[in-house]
1. List the Cys residues of the chain that have no partner Cys with a C-beta closer than 4.7 Å.
2. Using r as the Cβ-Cβ distance of Gln392 and Leu108, and R0 as 60 Å, what FRET efficiency do you calculate, to the nearest 0.05?
3. What is the local net charge at Arg430, summed over the other residues whose Cβ is closer than 14 Å to its Cβ (Lys, Arg +1; Asp, Glu -1)?
4. Which one, (1) 42.5; (2) 28.9; (3) 23.9, gives mean projected area of the Cα convex hull in nm² as derived from the coordinates shown?
5. With a probe of 1.4 Å, find how much accessible area the chain has per residue, and write the answer as a whole number in Å².
6. If you roll a 1.4 angstrom probe over the protein chains with everything in place, what fraction of the accessible area of the stretch 27-82 belongs to carbon and sulfur, to the nearest %?
7. Given the Cα-Cα distance of Ser160 and His237 and 0.36 nm per residue of separation, how much length would full extension add, in nm?
8. Under 17 Å from a point 7 Å along the Cα-to-Cβ line of His334: which residues of the stretch 348-384 have their amide N that close?
Amino acid sequence: METALSKWVLAFTISWWMIFFVGHSLEGLPGDAKVKGVNLGGWLVVEGWIKPSLFDGIPNGDMLDGTEVQFKSVTLQRYISAENGGGMGVSVGKDSPSAWETFRLWRLSASEFQLRTSQGQLLACDGQGCTVTATANSSSDGETFHIERNNNDRVHLKLSSGAYLQATIGNQLTADYPGTPGWDDNAATFEMTIVSNNLHGDYQLANGYGHDQAKQVLKKHRDTFITVEDFKFLYRHGINAVRIPVGWWIASDPDPPAPFIGGSLEALDNAFTWAQLGAYDIRCIIDLHAAPGSQNGFEHSSSKDGTVGWPTSQDYISQTLDVIDFLASRYGDHPSLLGLELLNEPSAASVPLDILVPYYSQGYQIVRKQSPSAYVIVCQRIGNADPLELYQANIGSHNLVVDLHYYNLFDLFFVNMSASDNIEFIFKSRETQLAALNGANGPLVFIGEWVNEWNVTSGSQAEYQNFGKAQLEVYNAASFGWAYWTLKNDRKHWDFEWNVRNNYLQLGDSPGKQNFDALVFHGLVSAMLFLHAIL
């Protein structure tokens, strides 16, 4: 009896070691317990801050879709203003600019634009002698303005009919300037200020170049930015998965709606092929990064002008579900598919939970019809949102994952932090939250984006190394794993390859983790030897 009990204890001890020291492997991910991934950002969804050179050849490249501008009359020294922010008349009577005096560009060509108010209406003028208003809700010739620029900041605004706008003594904006104005101080000349030029996504690139040139630019980019050699590099450094952002227009390839450019589907197919080559055995997570209408207003969601239209239109949501169905149908039984992320970074301020959760639930069911085992990933809303809100939602029961993005950036909270403050925050705040989520009865946890960068302006290599070690140590505890943002980036600390090659990011276990594992291992070995001796 005692011998049988001792054998049972030994077997239990060995099993415990196998489970907790070696760890479970995720379904469909052989050879490793969790995802150690890298994002292929800036490849199939354009982000100009990752690869600004893509935009270098666009004429008037500082006047892309979504650029915010203000116009000041050089004679009145007052700003063009949409009264009440739009929906009413237009005046030239404000001494200082604010939201009512700020307009977003809709680009028709290098010199033709429509001007959108803060409330969403377009400036309009019917023809020669008209007075400009801000009441139009749809675009036509009456809402199109030619913007002529000189070498400085001065511009003329001209209708398609050839009439120039002028600021009148009565503070109106009318299309009746006589003749062709020069660049002196006259009523038809305005000073244009570019308030922001932050959107450099697929929409801006394609609409900025025009279809034919954009097609050439994007083909070269897709063919060269990520290649099979990158998969070899990732495999050599222990990476077992890639998260691949895609845009909604991929489902209409090779001829997506204007202005989007086809070709991303072929590139995604290539990624799946490369993931299978040789001994790589890298798994792919398809991430729907850009939804129709935009789910957050940022360039990576391919927003036209910074507005968030996705949650306001059932047509957009239905179209997005069709995209999920397309992707799940095409890749659902592919051996390299690990998971499908239904939507990247929906905005907490603009996407209500009672719209997002039903979408996630429907998306989960669509994926399950095509694959019983692929992980379905739902992303936490960005902004003021608690990830537990997705744990409390009834989305799905099998292989469901919640994606959190951890950046010590993009918030004033991090601005004055020192290197040690940032590292302490990782251990005190991130580790605590991850422990709570790992212990919750619900989905797995995925740190789908993180980076070895911060607001510390003069961090040393050693400080970057310690910051990276802290993040790896903490994020390794996430029950699904992590994925670095991103593989390649013109900003070097965001670039995974640069970090690894230059020893700023060390992928081995941190000293603390190594010591803990060694203690556990030696303790288990000692226990097994003791049990063996008494049998």
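The values are calculated or read from the model by the stated rules, or taken from the named source; none is laboratory data. Here the structure is a predicted model, which means the values were calculated and not measured. Note that we place each Cβ from the backbone using ideal geometry, even for glycine, and neighbour counts take in every protein chain shown. Accessible surface is based on the protein model in full, side chains and every heavy atom, while ligands, DNA and RNA are left aside. Shrake-Rupley method; radii C 1.70, N 1.55, O 1.52, S 1.80 Å.
1. Cys284, Cys379
2. About 0.85, to the nearest 0.05.
3. That sum, taken over residues with Cβ under 14 Å, equals -4.
4. Checked against the structure: label (2).
5. Roughly 43 Å² per residue, with all protein chains present.
6. Numbers: 740 of 1630 Å².
Carbon and sulfur together cover 45 percent of it.
7. Values: separation 77, 0.36 × 77 = 27.72 nm, distance 5.79 nm.
The span from Ser160 to His237 would gain 21.9 nm if fully extended.
8. Zone members listed by number: 367-368, 370-377.
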